[in-house]
Amino acid sequence: MSLFEVRGLRRVYRSSRQDVIALESLDLTVHAGQRLGIVGESGSGKSTLVRLMAALDRPTAGTVMFDGLPVTGVPERRLGFLRSRVQMVFQDPRGSLDPRMRARDIVAEPLVSPIVRRELGEFDRAQRVREVLDEVGLPPDAGDRYPHEFSGGQRQRIAIARALAPNPDVLIADEAVSALDVSVRAQVLNLLMRLVDDRGLTLIFVSHDLSVVRHLCPDAVVLQAGRIVEAGPTSALFSQPSHEYTARLVAAIPRFRSRL
Ligand SMILES: Nc1ncnc2c1ncn2[C@@H]1O[C@H](COP(=O)(O)OP(=O)(O)OP(=O)(O)O)[C@@H](O)[C@H]1O
Ligand SMILES: [Mg+2]
């Protein structure tokens, strides 16, 4: 079953100096339960694409449908179905976690808006927060503390707990582990994979690091200058890239360079 249907998506950032075409005529289908990697060099439009899919931004043209319902051209008050079922984790937990809020309030953030509450029905909010903090491996007292009292990896666990709080179907991770040290990155990636497995989540994983995408995602699309230039099973993209740009991305991974 297709969960996301993206058709003819275009996003132009306009400024007085020049217009930037960040996405052009982009089509993409994401199926329920799929783990899809989105790769491409810096500035290729990865974040623009996932922000439009999560309705954090509006396209210049084109449509995004989620589970058969339009996401584009719809007022915020009618996006409760998307806000409860699609959650994002960003690269920089320092920037995405409010330093003045305790972890438990940060984690409860996606649960407080009226449009989300209407979708989710009755539940004990404090208990839900405790459950997800435990699920991401944080100690019981973590909820009382502020972001600066945690390590970088722990902060990203808080961001993941926040994403899990409304029991979403889809997790969109935009460079979610890129800012972490290598050893911490592996732990957080393992956590993500376990959660995706346990909860049967659909995963959209944005990364410029193809070796990470290769481990996590059976399928991937390659973005270049706002267009998808290649799509398919990740293993095939790696072993037989049909586009010269993909071949260059693969060749840029140190472990692969020797084989090419
Ligand atoms: N708010 C904005 N205003 C103007 N231009 C923007 C804005 N956001 C992104 N862009 C431009 O749009 C293009 C795509 O940017 P985007 O952030 O989607 O790329 P990306 O693939 O996520 O890059 P990175 O790997 O560096 O995160 C780039 O040329 C970027 O400079
Ligand atoms: Mg980006």
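Between Ser16 and Asp98, take the C-beta separation as r, use R0 = 30 Å, and let me know the FRET efficiency to the nearest 0.05.
Here the calculated transfer efficiency is 0.40.
Using only the alpha carbons of the range 2-257, what is the convex hull's orientation-averaged projected area in square nanometres?
Result: 14.3 nm².
So how much slack lies between Val74 and Asp141, counting 0.36 nm per residue of separation and subtracting their Cα-Cα distance, in nm?
Gain on extension, Val74 to Asp141, equals 20.1 nm.
Treat the range 1-51 as a sphere of radius equal to its Kirkwood radius over Cα pairs and apply Stokes-Einstein at 4 °C in a medium of 1.567 mPa s; give the translational diffusion coefficient in µm²/s, rounded to a whole number.
105
How much mean residue ellipticity at 222 nm does the chain get from its helices, if each DSSP H run of length 4 or more adds -39500 (n - 2.57) and you divide by all residues, to the nearest 500 deg cm²/dmol?
Helix-only estimate at 222 nm: -11000 deg cm²/dmol.
Provide the FRET efficiency to the nearest 0.05 for the Met1-Val182 pair, computing r from the beta carbons and using R0 = 45 Å.
With R0 = 45 Å, the Cβ-Cβ based efficiency is 0.75.
Which listed residue (Leu23, Met65, Ile253) has the Cα farthest towards the positive end of the charge dipole for the chain, taking +1 on Lys and Arg C-beta and -1 on Asp and Glu C-beta about the Cα centre?
It is Leu23.
Calculate how many DSSP beta bridges within the chain are antiparallel, expressed in % of all such bridges and rounded to the nearest 5.
55
List the relative contact order of the chain as a percent without decimals, with contacts defined as Cα pairs under 8 Å and 6+ residues apart.
Value for the chain: 24 percent.
Bear in mind that the values in this text are calculations on the coordinates, not laboratory data. All values reported here derive from a predicted model rather than from experimental measurement. All Cβ positions, even for glycine, are placed from backbone atoms using ideal geometry, and neighbour counts span all protein chains on display.
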